[in-house]
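Asks: Shown below is the structure under consideration.
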Amino acid sequence: MSDPDVPDTPEPPAEPDSVEPAALAEALAAGEPVRLLDVRDRDEVDQWRIEGPGVAFTQVPYAKFMAAQVRDEVGDLAAEVGGEGPVTVVCGRGEASDYVAGVLTAAGVEARNLAGGMDAWGRVHLSRVVREEPTVVQYERPATGCLSYAVLDGGEALLVDPLLAGVDAYRKDLAERGAELAAVFDTHLHADHLSGLREVTPGGGDAGPAGSASDPPRRLLPAGIDRREVTYGGEVLGDGETVDVGEAAVEAVALPGHTTEMTGLVVGDVLLAGDSLFLDSVARPDLQEGVDPRDQAEQLYETLHERLPAAGEDPLVAPGHRRPETELVEGTYTARLSALRERVEALGLDRAAFVEHVLTDAPRPANVERILAINRGAETLGSGGDSEGAGDASGEDAGDSEAWVELELGPNNCAV
C-alpha cells in the first residue's frame, strides 16, 4: 500500500532503520534531542506536525528527494536538515518517509523512518502513574497533548475524559492492570477532540450502578450538561457528590469557567482539573455557544481563586491538556497548586486584568463546531451534516481513523 499522496512509492535504495511512534514519544518526553525531517507538503505540515522542546524540525517535500536522487544531489539536500544526530523521517503513512530514509541511508546519512507515519503517531497513548492507593493513571496522547485519566482501586476503574482515539489503548492498559471498567466520566463537553465516552459505555445511559461483571460501565455526566443539548443519557454527577471505585470515594467539584458544566474530580490529594487550569496556562472562556465569554471569564476567575482551594490543601493538579513545550514534572504532567500560582502568570492577576487576559482572540480548535456536534450526539462521525438524535459516534464510525484524525488536526487551542 502506498501513501495516498505519493502513488506507487518505490522501494528504497537501502533498507533504513525505523523507530516506533511510542518510542519517539518517550524520547521527546524525556527531553532527548530529535532531528526531524518531515517530507509531507507544507500545507499538511502547517495543519499538524510533531513538536517538542527537543525537536529540530525541517520540512523538505518528498518530490525534492526524488529529484535529488536523480541528480546525485542527495548529500546537498541532506545538508539542509537542521539539528544533529540521526535523521528521523516522517510522512503521512510511513511509506514515502521510508523511501527517503532509504535514500539518505544509501548516501551515507544516518536516518530512520517513523513507522506508520503521522497516522500511527496520532494513535500513540502513553501511560504514567500519578499516585498509588488509589492508583491514578495519566494517559497522554502526544499528537494532540490531550490528557486522560483512570482511577483504579479494588479491581475497578473509573475512566475520565477518554478520547475516541484512545479507546483501544485504555482497554488494553486496564486489562494489564487487572481492572474492570466500572464507570466513565467526561469533565465537560469537549471542543477539540472526539470523546470516547459513549464508545466505552454502550447502554450506559440507561444503566444504574454496576451490580455484576456483565453490567455495562456507568456513564457519568457533569451537572449542567443538559444546557449543552446532548442527545444521550447518563447519570449526573453534581458538585460534592461522589462515585465509588473499589473502596475509594471520588468527589466531584464544580469548576465552571471554560464551560458552564466543567467539573473536576478529587482523588485523595489529586485534582483531576479537566480544562480549567493547566501547568502553564488557564482555560479560555469563549468556546461554549450561547453564553457570554466575559461572564465565563468572571466565573473562571472565581473558580481558580475560590473553588480550587476547596479541592484540598495544595492539591496535585492533573490537567486535561499539555502544550508541546510543557515538560514532565517528576515523571508526570502534574504540579502542586502552590507551584502553579508561582508559575502561571494569569493566576497572579487581579480580577479585571485576568478577565481581559483570558478574553483571547486566538484561533479556535480545528473543526470545533463539528466536534461539538458529534460529542453532543447531534451528528455521527460518518455523517456530513446534521442528524439530530443520531446517537453514538461508535461502531463502524469509531473505526474510521482517517475521519477522526482529519477532524482533530491542528494544535490544541483550549488554553490562553
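Asks: Working only within the range 119-142, note down all residues that are closer than 30 Å to GLN69 by Cβ and in contact with a Pro (Cβ under 9 Å, 6 or more places away or on another chain).
Replies: The answer is ALA120, TRP121, GLY122.
Asks: Then there is this: Just to be sure before I move on: is LEU194 in contact with a Phe, Trp or Tyr (Cβ under 6 Å, 6 or more places away or on another chain), open to solvent by less than 10 Å² (accessible area, probe 1.4 Å) and closer than 20 Å to LEU265 by Cα in the structure I sent?
Replies: For LEU194, the condition - in contact with a Phe, Trp or Tyr (Cβ under 6 Å, 6 or more places away or on another chain), open to solvent by less than 10 Å² (accessible area, probe 1.4 Å) and closer than 20 Å to LEU265 by Cα - is not met.
Asks: List the residue pairs whose Cβ atoms are under 9 Å apart, where the first residue sits in the range 146-160 and is closer than 10 Å to VAL136 by Cα and without any contact (Cβ under 8 Å) to a residue 60 or more places away in the chain, the second is surrounded by fewer than 24 Cβ atoms within 10 Å (Cβ to Cβ) and among the charged types (D, E, K, R), and the two are 6 or more positions apart or on different chains.
Replies: ALA150/ASP173; ALA150/ARG177
Asks: May I pose another question? Quick test of your reading of the structure: SER127 fulfils all but one of (1) part of a strand (DSSP E or B); (2) within 30 Å of GLY246 (Cα to Cα); (3) in contact with a Lys or Arg (Cβ under 8 Å, 6 or more places away or on another chain). Name the failing condition by number.
Replies: (3)
Asks: Find the residue count for the range 323-343, including only residues that are open to solvent by less than 30 Å² (accessible area, probe 1.4 Å) and not in a helix (DSSP H, G or I).
Replies: Residues meeting the conditions: 5.
Asks: Consider ARG227 carefully, then state whether it is charged (D, E, K, R) and either assigned to a strand (DSSP E or B) or open to solvent by less than 20 Å² (accessible area, probe 1.4 Å) (or both).
Replies: Here the answer is no, as ARG227 does not meet what is asked.
Asks: Quick one: PHE57 ticks every box in (1) more than 25 Å from GLU140 (Cβ to Cβ); (2) outside any loop (DSSP other than H, G, I, E, B); (3) not charged (D, E, K, R) bar one, so which box is it?
Replies: (1)
For (1) open to solvent by less than 10 Å² (accessible area, probe 1.4 Å); (2) more than 20 Å from ILE371 (Cα to Cα); (3) of a type in the set (Gly, Ala, Ser); (4) modelled with pLDDT of 95 or more, each residue gets a yes or a no:
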residue: GLY155; (1), (2), (3), (4): no, yes, yes, yes
residue: LEU158; (1), (2), (3), (4): yes, yes, no, yes
residue: GLY178; (1), (2), (3), (4): no, yes, yes, yes
residue: ALA182; (1), (2), (3), (4): no, yes, yes, yes
residue: GLY208; (1), (2), (3), (4): no, yes, yes, no
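Asks: Exactly one of (1) more than 25 Å from the chain's Cα centre (by Cα); (2) among the small types (Gly, Ala, Ser); (3) surrounded by 13 or more Cβ atoms within 10 Å (Cβ to Cβ); (4) modelled with pLDDT of 95 or more is unmet by GLY312. Its number?
Replies: Every condition holds for GLY312 apart from (4).
Asks: If you scan the range 294-309, which residues turn out to be open to solvent by 10 Å² or more (accessible area, probe 1.4 Å) and either at pLDDT below 95 or out of contact with any Pro (no Cβ under 7 Å at 6 or more places or on another chain) (or both)?
Replies: If the condition is that a residue be open to solvent by 10 Å² or more (accessible area, probe 1.4 Å) and either at pLDDT below 95 or out of contact with any Pro (no Cβ under 7 Å at 6 or more places or on another chain) (or both), then ARG294, ASP295, GLU298, TYR301, GLU302, HIS305, GLU306, ARG307, PRO309 are the ones that fit.
Asks: Kindly list the number of the only condition in (1) out of contact with any helix residue (DSSP H, G or I) (no Cβ under 9 Å at 6 or more places or on another chain); (2) at positive phi that fails for GLY108.
Replies: Condition not satisfied by GLY108: (1).
Asks: Would you confirm, using the coordinates I've provided, whether GLU73 is surrounded by fewer than 21 Cβ atoms within 10 Å (Cβ to Cβ), modelled with pLDDT of 90 or more and closer than 18 Å to VAL124 by Cα?
Replies: No: the conditions fail for GLU73.
Residues checked against (1) within 18 Å of GLY320 (Cβ to Cβ); (2) surrounded by fewer than 19 Cβ atoms within 10 Å (Cβ to Cβ); (3) more than 26 Å from the chain's Cα centre (by Cα):
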residue: GLY83; (1), (2), (3): no, yes, yes
residue: VAL100; (1), (2), (3): no, no, yes
residue: LEU126; (1), (2), (3): yes, yes, no
residue: VAL130; (1), (2), (3): yes, no, no
residue: GLU133; (1), (2), (3): no, yes, no
residue: GLY166; (1), (2), (3): yes, no, no
residue: TYR170; (1), (2), (3): yes, no, no
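Asks: Within the group ALA403, ALA390, ALA398, which residue is of a type outside the set (Ser, Thr, Tyr), assigned to a loop (DSSP other than H, G, I, E, B) and either open to solvent by 50 Å² or more (accessible area, probe 1.4 Å) or at pLDDT below 95 (or both)?
Replies: Only one candidate passes the filter, namely ALA390.
Asks: Out of all the residues in the range 235-253, which are surrounded by 20 or more Cβ atoms within 10 Å (Cβ to Cβ) and in contact with a Ser or Thr (Cβ under 8 Å, 6 or more places away or on another chain)?
Replies: Within the range 235-253, LEU237, VAL250, ALA252, VAL253 meet the criteria.
Asks: List pairs: first in the range 10-23 and touching a residue at least 60 places away in the same chain (Cβ under 8 Å), second open to solvent by 80 Å² or more (accessible area, probe 1.4 Å), Cβ under 8 Å, 6+ apart or cross-chain?
Replies: Short answer, once both residue conditions are applied: PRO21/ARG123.
The values are calculated or read from the model by the stated rules, or taken from the named source; none is laboratory data. Remember, it's a predicted structure, so these values are computed and weren't measured experimentally. Virtual Cβ from ideal backbone geometry, glycine too; neighbours counted across all protein chains shown. Only protein heavy atoms, including side chains, enter the accessible area calculation; ligands, DNA and RNA are left aside. Shrake-Rupley method; radii C 1.70, N 1.55, O 1.52, S 1.80 Å.
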